[in-house]
Amino acid sequence: MVEVQQHAASRRQDAVLIISDDADAQIRVSRALGDETAIVTAQAQGISNTLHQLLTTVAVIAECNAVTLAVLKDILSYSPRTKVIVVVDSENNGDAVLALEAGATDIIERPYSDDLLRMMVKRAQHIASLESEVERLRTYERQQHAILGGSAPMVQLLRMVDRVASTDVNTLVYGESGTGKALMARAIHDRSTRSNKPFITLNCASLPEDMLDAELFGIERGNFDSRQIKIGKIEAAHGGTLFLDEIGDMPLSIQAKVLRFFQERVVDRIAGERSIPVDVKVVAATYHDLGARVSEKKFRDDLLHHVGEVTINIPPLRDRGDDVLLLAKTFLLQFNQTMNRKINGFSDDAVNALMTYAWPGNVRELQNKVKSAVIMADGTQISAADLALTKEHQKDSGLPLNLRQVREEAERNAVTRALARAEGNMSQSANLLGISRPTLYTLIEKYSLQR
């Protein structure tokens, strides 16, 4: 039985749940917490059936026995983040041990002072609030790093990412500039068992040779009595993932030291006196053909074998079909929010421009074009003029001369664009195409299209 002492308190996350079969104990704890705290009181017997209705982040169990310990475990099974304080008798030290083993956040001995209980509850609420904020930020970060795409190449790519992420193999990501190699590396990390460990990045083309050496391996300065230590990126990534961007531009002298790291899993700081073991998953990326770089004596063949235990090729945006519209709409939502604009979408001519442009700068170029268009748009929709796409990068249709193939290619493109424009709504897509829904389903199956 749950009794709500304040209006709608059971819906408040800051409400404190007091659990006891003893009414006097409930009153004692309630009075100790004062009027500033919303209170929910309940008996230990039968509370399991009502726990899922409560949003409370802190619970106080007013006595410790077999029943209340079972309740404690039930609370944590329903809500692992809930902080539970258990009141124990000072004469029985075993109760404190049992409560902590069952998952109690804290214990307080009877007799206790009201001030101490209030302090414990406030501390538990503060910890719960911090954990909630950390989870919110992590969720936001995951959303920012989400890889969007429903085209066949991207579906296949994401399946490969999931497989790679479940292992500790070194992964080499190939892709043109702007395709999202860093995003792919982050996705591999976020989907791995190392996701709660560091994700450290270093662009190998951004630093001169001596600085790159120090950034990778660290450096020690000073004498034996007073040494100053700069931790390198490899060492900082211990337990997590190291992302080496543009590894194809790494100087040969540094490649030799990196090879030793791959072979022995140790780093030697510059001027350091010992080798330091590290546990790191490595993801590297490049737009270069590293096989050609090996032939040109600009990249070590033995290092390539270590770096590219598995290789992932990110398709350019021009080969991702209606992903262009999906990404464009996603960027529009983001920039509407950050720029306080209220643009509803893209006009028909803008959609046509987006789908027929070759996107030499890939996703990065698309993002920049949408951002500029959001700034420049005068109406409620983005027009082709707002996107300012040049004609020199229009796609070459590449249609064959065979009329049947021409018709099929045109039919497939029309269905793909209709599905993209209608955001997968089958009725709207059929209306745009001027066909029935059964005919649309037949065409989707014929051309193996994503709905």
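A short reminder: the numbers here are calculations on the coordinates, not readings from a lab. Owing to the predicted nature of the structure, the values given are computational and were not obtained by experimental measurement. Every residue, glycine among them, receives a Cβ derived from its backbone with ideal geometry; neighbour counts consider all protein chains shown.
Subtracting the Cα-Cα distance of Arg159 and Val310 from their residue separation scaled by 0.36 nm leaves 53.0 nm. The Cα atoms of the chain define a convex hull whose projected area, averaged across directions, is 33.4 nm². Placing unit charges on each Cβ (+1 for Lys and Arg, -1 for Asp and Glu) gives the chain a dipole about its Cα centre, and among Asn368, Leu17, Val267 the Cα reaching farthest toward its positive end belongs to Asn368. Against the empirical 2.2 N^0.38 Å (N residues), region 319-446 has a Cα radius of gyration ratio of 1.13.
With both residues required to sit in the chain, DSSP beta bridges show an antiparallel share near 25%. Our summary gives region 152-315 a relative contact order of 34 percent, counting only alpha carbon pairs under 8 angstrom and 6 or more residues apart. Placing unit charges on the Cβ atoms of the charged side chains and taking the dipole of the chain about its Cα centre, the candidate lying farthest along the positive direction among Pro153, Ala99, Met211 is Pro153.
For the listed residue pairs Lys181/Lys230; Lys73/Lys197; Lys181/Lys297; Lys342/Lys371, the alpha carbons are over 21 angstrom apart in Lys181/Lys230; Lys73/Lys197; Lys181/Lys297. Relative contact order of region 177-245: 43 percent, from C-alpha pairs under 8 Å at least 6 residues apart in sequence.
Here the gap between Asp21 and Arg341, fully extended at 0.36 nm per residue and compared with their Cα-Cα distance, gives a gain of 109.6 nm.
Once the Cα atoms are used to define both axes, helix 403-421 deviates from the longest principal axis of the chain by about 30 degrees.
Between the Cα long axis of helix 66-78 and the first principal axis of the chain there is an angle of about 20°, rounded to the nearest 10. Working from Cα pairs under 8 Å separated by at least six residues, relative contact order for the chain is 11 percent.
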